[in-house]
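Visitor: Let me begin by handing over the structure; questions about it come next.
The values are calculated or read from the model by the stated rules, or taken from the named source; none is laboratory data. Bear in mind that the values here come from a model prediction, so they are computed numbers and not experimental data. Positions of Cβ are backbone-derived with ideal geometry, glycine not excepted, and every protein chain shown enters the neighbour counts.
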Amino acid sequence: MFSFASDRPRRRPSLTPMIDVVFLLLVFFMLTAQFSRDTTLSLRTGGGGAGQYDGPPRLVRIGAEGLWLNGRPIALADSVAALEGLMRDPGDLIVLRGGPDADVQRVVEVMQHLGAAGFTGLTLVE
């Protein structure tokens, strides 16, 4: 008959190389992660706290492809000059309304553009 050697106890695999790999991946992703700076937009709500509206109308409708100031199409670059002609103070109310085809990013771009021009009375309505 055949003579087999006695069974040796099975050796357990070492987890050290796997832990090393996980640690290296963790360090890699921590070092390559890009941490962005949060930006804020000064915005009034369209409710009761928005203040009293006076002066000529300043309604900016935001669409996916363009802007309309008081119902007339206008380019984003020309919007600051057009709004300055309708305002006495940079804090006067400007009503922003997103169209059904405008996404949130487009609304934020317009708000940032107007905020950078010094307008502080931006009000977003639905």
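Visitor: Of the residues GLY121, GLY91, which single one is in contact (Cβ under 8 Å) with a residue 12 or more places away in the chain and touching an Asp or Glu at 6+ places or on another chain (Cβ under 6 Å)?
Guide: Just one listed residue meets the conditions, GLY121.
Visitor: A further question on this structure: Between a first residue in segment 26-45 that is within 30 Å of GLY121 (Cα to Cα) and a second residue that is of a type in the set (Lys, Arg) and at pLDDT 75 or above, which pairs have beta carbons less than 6 Å apart while being 6 or more apart in sequence or on different chains?
Guide: Going by the 6 Å Cβ cut-off, there are no qualifying pairs.
Visitor: Sticking with this structure for a sec: Please go through segment 55-85 and pick out each residue that is assigned to a helix (DSSP H, G or I) and not polar (S, T, N, Q).
Guide: LEU76, ALA77, ASP78, VAL80, ALA81, ALA82, LEU83, GLU84
Visitor: Which condition does ARG88 not pass, out of (1) modelled with pLDDT of 90 or more; (2) in a loop (DSSP other than H, G, I, E, B), if it passes all the others?
Guide: (1)
Visitor: Confirm whether PHE119 is part of a loop (DSSP other than H, G, I, E, B), under 17 Å from the mean Cα position of the chain (by Cα) and at pLDDT below 90.
Guide: No; evaluated as a whole, the condition is false for this residue.
Visitor: Looking at (1) touching a helix residue (DSSP H, G or I) at 6+ places or on another chain (Cβ under 7 Å); (2) closer than 19 Å to THR40 by Cα, can you tell me which one ILE74 breaks?
Guide: (2)
Visitor: Filter segment 1-54 down to the residues that are aromatic (Phe, Trp, Tyr) and loosely packed, with under 10 Cβ neighbours inside 10 Å, then identify the one that is modelled with the highest pLDDT.
Guide: Ranking the candidates gives PHE29 first.
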